[in-house]
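To start, the structure itself, in structure tokens.
The values are calculated or read from the model by the stated rules, or taken from the named source; none is laboratory data. The structure displayed is predicted, hence computed values, not measured ones. FYI the Cβ positions are ideal-geometry reconstructions off the backbone, even for glycines, and counts take in every protein chain you see.
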Amino acid sequence: MDSLNKVIINKDKNVKPIWLMRQAGRYLPEFREIRSKNQNFIELCLNTKLVPEITLQPLKRFDFDAAIIFSDILMIPYGLNQRVEFKKNYGPILGEFNYFESSNIEKELFKKKLKPVYDSMSSLSNQLKGKKKSLIGFVGAPWTLLVYMLNRKSPKKTSIENFLLDKSKIDNLLELIIEYIKIHIEEQVKSGATIIQIFDSWAGLVKDKDVEKYIYEPTKKVVQFTQGLKIPAICFPREIKDYPKYVKTVSPDVISIDYNVNIRKIAEEVEIPIQGGLDPKILLSNSETLIKETKEILNVFKNKPYIFNLGHGVLPETEPKMVDKLVKVVRDNQ
């Protein structure tokens with residue numbers, strides 16, 4: 001059993017495994033070299049030769065406990081025939097969403113469009129055999145995918161109300177999204193994923209009165225489906241206001257916290273394994289600050305089942321040597 005599963009399944013408090021969100025990506029020169037020759041991001045995510053290579057790049061450099069497949073949460077809208085592009089220094093741009101067309105897409109066609117993702121997962125699973133490393137697959141949470149599919153770009157806090165006016169449309173679309181999230185999860189698991197992380201990047205935009213409808217209930221359905229496949233689910237509801245209530249309602253196996261959270265309070269209030277919390281900007285500071293902040297987090301969670309991670313993804317300007325330092329500090333202080 002690998003160390004992540006020791007924490008997730010056995011609630012082992014003694015081991016503190018480490019992996020990082022966006023650990024494969026723009027801060028690594030070897031990735032930037034590949035990216036410079038592959039301008040279309042979606043096509044890169046569908047490249048069965050390069051995806052395994054990119055996914056394993058950080059494991060060749062650092063002593064991480066898991067590989068997380070190089071992909072994107074917007075592969076689901078892509079699979080539903082919504083145009084998805086990525087503009088440099090801007091982010092994702094999505095085309096008009098056609099509910100009728102997407103709701104009538106054959107499930108086998110959806111799987112066929114995303115088959116390269118699953119083939120890459122199978123390749124990674126084979127390459128990681130015997131290495132005691134977890135292989136993490138992932139999806140966007142229903143709410144976050146809904147926001148992207150209707151807003152067609154990264155949202156602003158003032159822009160989401162417009163598409164929440166038509167409640168019946170939202171309800172139908174949420175159910176459609178949940179249906180295809182389940183398909184995407186199941187195919188990843190069939191292909192070798194040992195853990196699924198559910199990213200709710202825009203959970204913090206939802207008003208308190210709407211959290212149950214748009215965050216708790218839809219995500220709970222996805223978590224229960226994942227657990228029904230005998231696979232643990234990690235949930236990352238970024239900037240959610242009430243972590244204990246989220247945990248109690250959604251019941252993930254692990255809760256991943258962002259860097260604005262009071263970690264001491266979380267350690268006291270949450271019983272399940274916890275992941276994350278370090279501000280990614282700490283990796284842009286200096287060794288002394290990095291060591292101090294890392295040791296503080298490890299001390300707070302010393303008597304808790306905990307997976308070391310950031311409170312968001314690795315920033316592009318991060319120096320690899322700082323990531324190496326982080327991993328060594330975690331290894332040396334447990």
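Observations on the structure shown:
- Which numbered condition residue 275 fails, given (1) surrounded by 19 or more Cβ atoms within 10 Å (Cβ to Cβ); (2) touching an Asp or Glu at 6+ places or on another chain (Cβ under 9 Å): (2)
- Matching option when the condition is among the hydrophobic types (A, V, I, L, M, F, W, C) and within 21 Å of residue 122 (Cα to Cα), among 9, 18, 73: 73
- Unmet requirement for residue 270, which otherwise passes all of (1) hydrophobic (A, V, I, L, M, F, W, C); (2) at pLDDT 95 or above; (3) under 17 Å from the mean Cα position of the chain (by Cα): (3)
- Screening 59, 114, 145, 74 for residues that are modelled with pLDDT of 95 or more, closer than 25 Å to residue 323 by Cα and of a type in the set (A, V, I, L, M) leaves exactly one candidate, 59.
- Answer from 231, 272, 257 - the residue that is touching a strand residue (DSSP E or B) at 6+ places or on another chain (Cβ under 9 Å), more than 22 Å from residue 13 (Cβ to Cβ) and of a type in the set (A, V, I, L, M, F, W, C): 231
- Test for residue 197: is it closer than 23 Å to residue 334 by Cβ, in contact (Cβ under 8 Å) with a residue 60 or more places away in the chain and polar (S, T, N, Q): yes
- Among residues of the range 194-213, those that are assigned to a helix (DSSP H, G or I) and surrounded by fewer than 24 Cβ atoms within 10 Å (Cβ to Cβ), counted: 8
- Residue that is farthest from the chain's Cα centre (by Cα) [pool: residues in the range 278-334 that are in a helix (DSSP H, G or I), under 24 Å from residue 12 (Cβ atoms) and among the charged types (D, E, K, R)]: 332
- Some residue of the range 182-192 being surrounded by 17 or more Cβ atoms within 10 Å (Cβ to Cβ) and touching a Pro at 6+ places or on another chain (Cβ under 7 Å): no
- Residues located in the range 1-14, provided they are touching a strand residue (DSSP E or B) at 6+ places or on another chain (Cβ under 9 Å) and part of a loop (DSSP other than H, G, I, E, B): 2, 13
- Residues in the range 117-143 that are touching a Leu at 6+ places or on another chain (Cβ under 9 Å) and part of a helix (DSSP H, G or I): 117, 120, 121, 124, 125, 127, 128, 142, 143.
- Helices (runs of 4 or more DSSP H) completely within the range 16-116 that count 1 or more residues being out of contact with any helix residue (DSSP H, G or I) (no Cβ under 8 Å at 6 or more places or on another chain), surrounded by fewer than 18 Cβ atoms within 10 Å (Cβ to Cβ) and hydrophobic (A, V, I, L, M, F, W, C): 41-45, 99-103, 107-113
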